[in-house]
1. Per residue, how large is the accessible surface of segment 276-361? Use a 1.4 angstrom probe and give square angstrom.
2. Return a whole-number percent for the relative contact order of the chain, with Cα pairs under 8 Å and 6 or more residues apart as the contact set.
3. I need the per residue convex hull volume for segment 149-254, using only the alpha carbons, in cubic angstrom as a whole number.
4. Given contacts defined as C-alpha pairs under 8 Å and at least six residues apart, what's the relative contact order of segment 175-243, whole-number percent?
5. Angle between the Cα long axis of helix 16-28 and the longest principal axis of the chain, 0 to 90 degrees, nearest 10?
6. Could you state how much accessible area Arg430 has, in square angstrom rounded to the nearest 10, with a 1.4 Å probe and all protein chains kept in place?
7. So how much slack lies between Glu423 and Glu244, counting 0.36 nm per residue of separation and subtracting their Cα-Cα distance, in nm?
8. Counting only heavy atoms of protein chains, what accessible area per residue, in Å², does segment 528-643 have with a probe of 1.4 Å?
Amino acid sequence: MAERTSLTILIIDDEEANRYALRRILEKSGFVVLEAATGAAGLRILSETRPDLVILDVKLPDMNGFEVCQKIKADPITSVIPVLQASASFVESEKRAEGLESGADAYVTHPISARELVANVRALLRIRQAEQAAREQRELLRVTLDSIGDGVIAADPLGRVTFINPVAGALTGWTQEEGAGQLLDRVYRVVDETTGEPVEGPLTRVLRGAPGSDGNRPLLLIARDGTPRPVGQMSAPIQDDKGEFVGVVVVFRDVSERRQMENELRRRADELADRDRRKDEFLAMLAHELRNPLAPIRHAVQLLRTENTTDPIISEMGPIMERQLRNLVRLVDDLMDVSRITQGKIELCKELVELSTAVRRTVEAVRPQIEDKQHRLDVELPADPLWLEADPARLDQVLSNLLNNSSKYTQPGGQIQLSVTREDNRAVVRVRDNGIGIPEHMQRAIFDMFQQADRVPGRVSEGLGLGLTLVRTLVEMHGGSIEVQSPGRDQGSEFVVRLPILDSRIAQEKQAEALKRKAPLANPKSLRIMIVDDNVDGARSLGLLLRKEGHQIEVAHDGPAALEAAARFCPEVVLLDIGLPKGMDGYEVARRLRQLPGLKDVMLVALTGFGQEEDRQRSSEAGFQFHLVKPLDPALLRDLLLRTRPGTEEPPS
Ligand code: ADP
């Protein structure tokens with residue numbers, strides 16, 4: 001379709017002379033002119049060509065001009081065309097008024113000057129264009145607001161509703177017709193979902209200078225019929241061209257679905273957390289239950305080993321059983337610890353530790369396993385002592401885990417090096433091997449729970465992927481850090497642990513304090529030891545083992561029996577289980593034992609399956625000097641009995 005460049009004007013006038021005069025003037029000004037001599041002809045042309053403006057004579061032969069004007073304005077399509085009524089100068093003002101009332105946009109009288117006519121025509125066309133633009137804008141806005149998925153309500157500065165879009169209508173229950181003129185707070189009623197209290201309305205908010213959203217505050221829109229619905233809302237002031245405040249608009253959205261999803265997610269998260277908690281509890285229980293049978297087995301194996309036997313099967317099987325048992329105990333320990341980590345229950349029993357001494361002790365304990373695999377273990381320690389404030393058992397766990405891993409992940413005949421150095425106020429322990437190495441992409445992940453580096457085909461896993469998680473947690477609990485370096489597959493690995501060291505003056509003071517606290521035992525080689533444990537096998541096997549080592553042993557399986565036996569036996573050391581039957585737990589037995597004549601200073605060692613840190617805390621408060629976890633490691637007990645002799649720990653230099 002060709003573009004219309006000039007504006008078209010239709011003249012409806014029965015006087016040819018008038019039409020001629022008007023046409024000349026208008027054509028000169030660049031308008032295209034159409035003519036009609038009767039009302040009917042004019043209306044026909046109008047409907048066919050839709051001119052931009054009509055100049056209409058009042059007196060026509062077939063119908064009068066007012067009637068023509070009314071018809072033009074009555075048709076929605078032609079109603080927007082401006083009509084300029086023209087009549088003879090003698091027409092009185094009554095007629096003019098009638099003309100304007102019939103819908104004419106302006107009125108001129110003949111004879112009319114060319115300038116006046118063109119000025120009038122142009123003014124009308126300008127108005128029409130402005131109206132058209134405004135209409136289009138309004139239409140665009142209406143269509144947009146009707147089609148968006150959000151509810152929109154506008155109100156004037158007095159808070160009277162001026163606009164409600166269909167979504168808002170559906171959510172509030174108020175249509176545009178019913179809601180217009182109502183107070184906004186009545187149409188849009190919102191309360192706080194948690195308290196049920198009405199919240200500040202959009203108008204007040206905006207007037208207070210706080211437009212925008214309510215953040216994450218849960219809101220309920222109460223519809224006209226009382227139905228509550230969760231909504232998210234946003235309010236803003238409406239301003240005119242000059243920035244004057246002319247009203248308020250609130251845009252809101254039904255968030256039921258989102259809320260449902262959030263609730264569902266929360267429910268699932270709670271469910272998962274609950275399952276996770278139950279799994280942790282199960283793991284803790286499992287580890288505990290596994291520990292009980294391990295105790296007598298360990299004692300029995302130990303007994304077999306110390307027995308002077310010539311039986312080749314026992315000589316050969318002994319070390320195997322011992323090694324496998326050690327692995328089993330370590331796995332159970334890891335399992336137990338890891339469940340404590342997840343429950344945030346690990347605490348340290350810190351004391352003064354000389355790092356080289358601790359390293360030597362661990363190395364000696366793991367050396368047989370390492371050498372079994374034909375690995376060479378080189379250890380390099382500093383000449384000067386490095387004092388740490390650490391939990392010796394946990395430090396041992398860290399070091400033996402790293403050494404065991406090196407051995408596990410290095411081919412037989414490989415080499416493992418452990419070195420301790422000092423860097424500023426940190427002790428640095430490096431455990432290096434020339435084993436299978438760790439691919440770079442796994443070097444961070446191996447410290448996470450259950451993470452194991454890519455499996456080497458054919459290699460059977462000997463762990464659960466828990467060791468390094470424990471190591472990292474324990475190192476960090478000591479204020480230290482751990483990192484791994486490996487150039488890649490088959491190029492070995494190096495684990496570097498950094499731990500804060502104590503100033504030697506502070507170390508000396510602590511050492512003096514610690515020595516003061518420890519009571520000497522008369523002869524640690526032969527002691528009167530009483531074992532109180534309701535696990536009959538555990539108590540008996542431990543008794544046998546300790547008797548073998550030269551101690552005198554008394555065994556009891558519950559509190560009352562223990563008290564009775566103690567009065568008679570007068571033990572120097574009591575190994576006392578905490579969970580005991582007959583309504584008297586280990587704490588109570590401990591308290592009563594101390595009240596017996598001659599037993600005020602008896603050495604009390606708590607013996608439990610749990611070994612939770614709060615248990616340690618409780619047992620130390622109840623007067624136990626030591627707290628050991630089942631299955632009791634006889635070497636640890638031996639060490640503990642020896643360590644209570646004064647002078648066995650070198651004072652710091
Ligand atoms: P586990 O040894 O029980 O699998 P860890 O947490 O001790 O669990 O170790 C996690 C993973 O890190 C191991 O499975 C292994 O892939 C890798 N890893 C640990 N130490 C070494 C090492 N010295 N050399 C090579 N890989 C190692």
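The values are calculated or read from the model by the stated rules, or taken from the named source; none is laboratory data. It should be emphasised that the depicted structure is a prediction, and the values quoted were computed from it without experimental measurement. Because the Cβ atoms are built from the backbone with ideal geometry, glycine has one as well, and the counts that use them run over all protein chains shown. The accessibility values were calculated without ligands, DNA or RNA, using every heavy atom of the protein model including side chains. Shrake-Rupley method; radii C 1.70, N 1.55, O 1.52, S 1.80 Å.
1. Using a 1.4 Å probe on heavy atoms only, each residue of segment 276-361 averages 54 Å².
2. Details: 1065 pairs, mean separation 45.3, N = 653.
Contact order relative to length: 7 percent.
3. It is 95 Å³ per residue.
4. For segment 175-243, the relative contact order is 29 percent.
5. That helix lies at roughly 40 degrees to the long axis.
6. My reading of the accessible area for Arg430 is about 60 Å².
7. Gain on extension, Glu423 to Glu244, equals 57.4 nm.
8. The answer is 42 Å² per residue.
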